[in-house]
Structures are given as structure tokens and as C-alpha cells.
Amino acid sequence: MAETKSLERLKAMRSLLKSEMEKTKTSSLVLEKTGSKLEEINTKLLSLEADVKVDRWRSSPFFDHIRYTIAPVSAALRVFATVQELERDLMSCNEVLGYVSDVKCLGEALKLLKSSCVLALNWLEETTKFLSENGMPEDHPCGLRFRISIKLLKELQMTEARAYRRGGSLHTALENLETELEMILEEEEVLSEYNLRDMKAIIKRLDAHTMLTNCVHVYIKNRTRVIQKRFEIDYLKKTITEADIEGYIGQWRLDMEIAVKEIYEFESNLCYEVYKDFGEEEHVPLHCFGAIASNTGMLQLLRFGSRISKCRKSPPKLLKLLECFSTMDNVRTEFNRLFRGEQCSEIRRETRELVSNLVKGVCEIFWELPCQVELQRPNCPPLDGGVPKLVSVVTEYCDKLLGDKNKPVLSKILEIDLGWKNEKYQEEVLIGHMYNILREIALNLDAWSSSNKETALSYIFMMNNHSHFCGLRETPLGLMMGESWLNAHEKYRDYYAALYVKESWGKLLSLLNNKAQTMKRALQAFAKGFDEIYRKQSHWIVEDEKVRWRICEAMVRMVVPRYKSYLQSYIMFLVEEGDHKSHGKDLKYTPKGLEMKLKAMFKSKEGAEYSHFDGNMD
């Protein structure tokens, strides 16, 4: 597949070479004219050779000088013939390595032609001078031929220079190699065995002609264009407000990982594979990679991350910053290995600024968390006795911070931050701060409980919150706080549940013991009191269904037997009085009906929605 593509490209190069050769009419005419004159020289030299072999020259005092001069001139002509043959071969070559080989041979032949012309000219000029000084007439045929040959050889000596000029055969061939390099660099399988082989051969040939700098420029330009097409990030070109920027954090994290671990990793490998044998040590690969990385979106990606880190600080933002830091930490090893060298200095500076901003942002929010909890203290507790949203949000938040995903990242950030202050990080720093957060929650709960004017609601409120903390068992926060802390909350939960039952229903049952009232009036007062309690408390929330069931059972055990007993006494009283007509007419609740009502008390957690942080029902 790769060889077929190379063959097609070489055919195109051959056509281009022919086209370029045709465009350079002036150079072609000069070469054609030179070729005609060379044929003339060759003819005259053959004639001269023939004359030299004639016996009449053997007795000439100039015989040896003439004979020795003909050889270098003939050699120069033979080299020129080789140059012409190689130029024709370039136009018919269909294979990259073969083309490179022909270019190499052409360059060497042109050098040899130049040196051969210099040698032949020296012989001709010295011989002509010697013959003139030793009596050869000016109009001697041999002298005339030598002078014509000198003029034409000087013209032939310029063949190499003409070949390197724009439109010259070698210049065009080298341009074709650059074109071939550009096409290979834009292929998807640029790092294949065939392409790598061809690129190295091309670059080696261009380097031999002092064109490595231009070759590097071509390489950077084409690979930059390839990455820009492949790695287009739309949001980097948009005007995004601070309010909307969080919506792009997930995509930014993904793009950063792809950029470092895939795109730039590949580009670095490509640079080193192609240029590792050129220049001083790693200078050329580092230069190429740095130039490509600095112009393909990496700086913009880092600056977008810095924008994220500088946005308004808030507790939810902490989790986002941890994710961003985690991403940068995941690519840290590859980053340090890839973005070296002077060309990547700006990338390294932006990276340091981004990491610094992330660390500062996380620490600023984290250390302020207890204060943020304390600021909610003036708010009112929920009217239904449920767990305030602040409590559930903060405990869930702490769970996330202490989870396997975030805790190592947070610990590393705290270690970095304390290290900048010449302080040592220990895990107790993190644990101690979590205790501070929970202490502020406890102080808030005490304040909110005290603000409840209704004692029974205060008990339900405290019972719900202690029950919430009991539910943290097996969570990261619960595991950190330990069994003794969890068990203490269980005891407080049961304690406040018992206080509620006694506070709400103990007073109601006292109506059935009122000696000052008749039994009928006592039952009526009880029913009225029950209705009032039920009306007030039926919308209250007991968040844990098991706890709700236990409280209801406790109320049933406390209220129903006492009510049933009193009811039986009342019925017996009516029987004794002979008031059969009033039997049951004054009763609002049967024991069974009372039990059903008690068991239906309270709402579940799903029955209410809370506004942010204040815990009030909307």
C-alpha cells in the first residue's frame, strides 16, 4: 500500500521535474549550446589525438605535452556525459529510494565534473603557455584548438552552479524531494516502516546539500497543519462566560489527556524517529517538537484550564478543581518527558501557573469549609423537622472528598500547599479539618433545635439528624469517624425519639385521668387533643422509615391500650346507668381506628423538597 503510493508520487515528481526543466528555457538553451560546443571539442580532440599519433608529430618537441593534455579533457567530457545520463534517469525514476540515489549520484557527478574541468583547464592552460614560450606559432592548429577548449571547459565548469540554481536539474530534484516529504508527512500512517525509511533517506539527502534547516521548516509546517486539522477544539475559539465555563470542564479534561498521551506522544516519537541521526544530540528533534507543540493549541488548552482555576470559588467548585488537578497529575510524567527544550519554555510556564492556581484554589475553598458551614447558622430549621439540606449536602460532600477518587488527590494538593509554606503534611491534617466541619454542623443543629418553639418538633428534628449521622456507617466519612461516634448518634437518636413520644402523647393521655371531668367529656377532650396533634404533626418528616415505624409502634403501645381501657370503663359505666341509647354515639375513635391513625403519622423523606442550604420546604 505504502509502496504503491510512493510509486504514484514518484511518477508525479517525474512529471514535475520534466515540467520544471521545460520552464527553465534559458538554462536549457545554455546547456544545449554547451552540449553542442562539447561535441565540437570532442571532435577536435579526436582529430588532435589522431594527429598526435601520426609519425610527423612524434618528432615534434611538443609531442609529450600535447599527448598528456588530451587525457584530462577527455575525462571531463566523459563525466559530463554521465551527468546528462543521470538527469535523464531522474525523469524516469519511479521509486523513492531510487530517486534519492540518483540525486546523490547526480550531485557527486556534478562535483566530479567541476574538479575534472579544473584539472583539464590547468593542463590546457599550462600546456598552451609552455608551447607558446617554446616557439609554437600563434596560428598553430593545435594552439587554436587548445584555446577554444579552454573557453568551453570554463563554461562546462559552471554546470554544477547552474544545476543548483532555480530551475536547474539538481535544484528541481531537491524541490521534488521536499514535495515528497510534505506528502508523506500528511499521511495517516506517517510512522510506517516504508514512510519512515523514505523520510530518513530524503532528509539525509537534503542534509547533504545543506538543506536541513529548510527541511526542518517543511517538517514543522506540515505536521503543525496535520495536528491543527485533527485536534480542532471549538470551545477554545469561543467567548465563554464564567457562568458557562464549568460546562466545558469534562471536555477539557478529556482533551488534555488526548493531547498529551496520544497526539503529542505520537508527535514526539515521530520527531525522534525521523531526526535522531541529524544535528547535535537531541537538538533537531526537540526543536521540531517544541515548534509544533507551541503552535497547535497546547498553550490555549493550558490557558483555558487556568481560566477554570480562577473562576469564583465555592464548595461545589472544589470537586471540579480536584478533577482538573487529577487530570494534570495523570499526565505529569508524560508532560515532563515531552515538553523539554527551549521551544517548550512557554508551555512549561503556563503549566506551572495552572497547577499553582489549582492548588491555591482547592486549598482556599477547603480551609474555608468550616466557616461556610458556620455562615448558615442564622438560617431557620426546616418546619417539618427534617434534616436540613446543609447537613445532607455537607456530609455527602465530605464523603466525596474522603472517597477513593478524591482523597489521594486532595492529600497531594495539601502536601504541596504545606510544602510551599515549609510545613509537613500528615493525614491528621485532613482528618482534623473534617472534624472541624462536623463540629460546626453540630453547633448549627443545637442552635436550630433551640430556635424551635415547639418542643416536640425540636425532638423530631434532633432525632432525624442523629439518624442521618447513623446512616453514614460504611461511608468514607463514617469509617473515618469510627464506631464510637456512630454508636453515640444511635443512642441520641433513640433518646430524642423517646422524648418526643413522651412529650407529645404523655400530655394527651393525662386527659383520661382528669377526675374533674366526666368520662364523656374526658373522651371528647382526648379526641380533640388527638386531632390537634395529628393536624400539626402529620406533615412532619421522619426520614428513616425504620425509625418512623418504631416511633409509630411506640405511640401505639403507649396510647392505644390506655385509650382502650378507658373506653371499656366508659362503656361499663353506660351499661350500669342503663343508657343504652348513648352507647357508642359519643365515640369519635375506636381503638383500631386510633391505631391506624397513629401508624399513618409522619411523611417519608421523599415527600418534601428543600431550598439550597436553608432547609425550608419550598
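Computed values, structure above
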{"read-out": "FRET efficiency for residue 151 and residue 337, using Cβ-Cβ distance with R0 set to 51 Å, rounded to 0.05", "value": "0.20"}
{"read-out": "Rounded percent of accessible protein surface that carbon and sulfur make up, segment 401-529, 1.4 Å probe", "value": "52"}
{"read-out": "Virtual paramagnetic centre 7 Å along Cα→Cβ of residue 213, amide N under 20 Å, in segment 324-347", "value": "342-343"}
{"read-out": "Length added when fully stretched, residue 312-residue 300, from 0.36 nm per residue minus Cα-Cα", "value": "2.3 nm"}
{"read-out": "Accessible-area ranking of 303, 253, largest first, probe 1.4 Å", "value": "303, 253"}
{"read-out": "Only Lys, Arg (+1) and Asp, Glu (-1) charged, at Cβ; segment 275-384 dipole about Cα centre in debye", "value": "420"}
{"read-out": "Segment 422-577 - accessible surface per residue (Å², probe 1.4 Å)", "value": "53"}
{"read-out": "Rounded to the nearest 10 Å², the accessible area of residue 304 at probe 1.4 Å", "value": "10"}
{"read-out": "Restricting segment 210-272 to GluC sites (Glu not before Pro) in coil, as DSSP defines it, with at most 14 other Cβ within 10 Å", "value": "232"}
{"read-out": "Amide H partners (placed H, <5 Å) of residue 603, local residues excluded", "value": "540, 541, 542"}
{"read-out": "Virtual spin-label span in nm between residue 507 and residue 283, 7 Å along Cα→Cβ", "value": "9.3"}
{"read-out": "Residues listed by number, segment 437-477, amide nitrogen under 19 Å from residue 535 label point at 7 Å toward C-beta", "value": "454-457"}
{"read-out": "Accessible surface of residue 420 - all protein chains present, 1.4 Å probe, nearest 10 Å²", "value": "130"}
{"read-out": "Set 536/603; 502/588; 360/407; 237/405; 313/400; 320/424 screened for pairs whose C-alpha atoms are more than 20 Å apart", "value": "502/588; 237/405; 320/424"}
{"read-out": "Leading residue at positive end of dipole, segment 187-279 (Cβ point charges), from 203, 251, 270", "value": "203"}
{"read-out": "Sequence of 200, 400, 528 from largest to smallest accessible area, 1.4 Å probe", "value": "528, 400, 200"}
{"read-out": "Computed lengthening from residue 380 to residue 425, 0.36 nm per intervening residue step minus Cα-Cα distance", "value": "12.4 nm"}
{"read-out": "Accessible heavy-atom area order of 371, 117, highest first, probe of 1.4 Å", "value": "371, 117"}
{"read-out": "Neighbour-limited loop hits for GluC sites (Glu not before Pro), segment 137-224 (at most 10 other Cβ within 10 Å; DSSP other than H, G, I, E, B)", "value": "138, 188"}
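The values are calculated or read from the model by the stated rules, or taken from the named source; none is laboratory data. Remember, it's a predicted structure, so these values are computed and weren't measured experimentally. Cβ: placed from backbone, ideal geometry, glycine included. Neighbour counts: every protein chain shown. Side chains included, ligands, DNA and RNA excluded: accessible areas come from the protein's heavy atoms. Shrake-Rupley method; radii C 1.70, N 1.55, O 1.52, S 1.80 Å.
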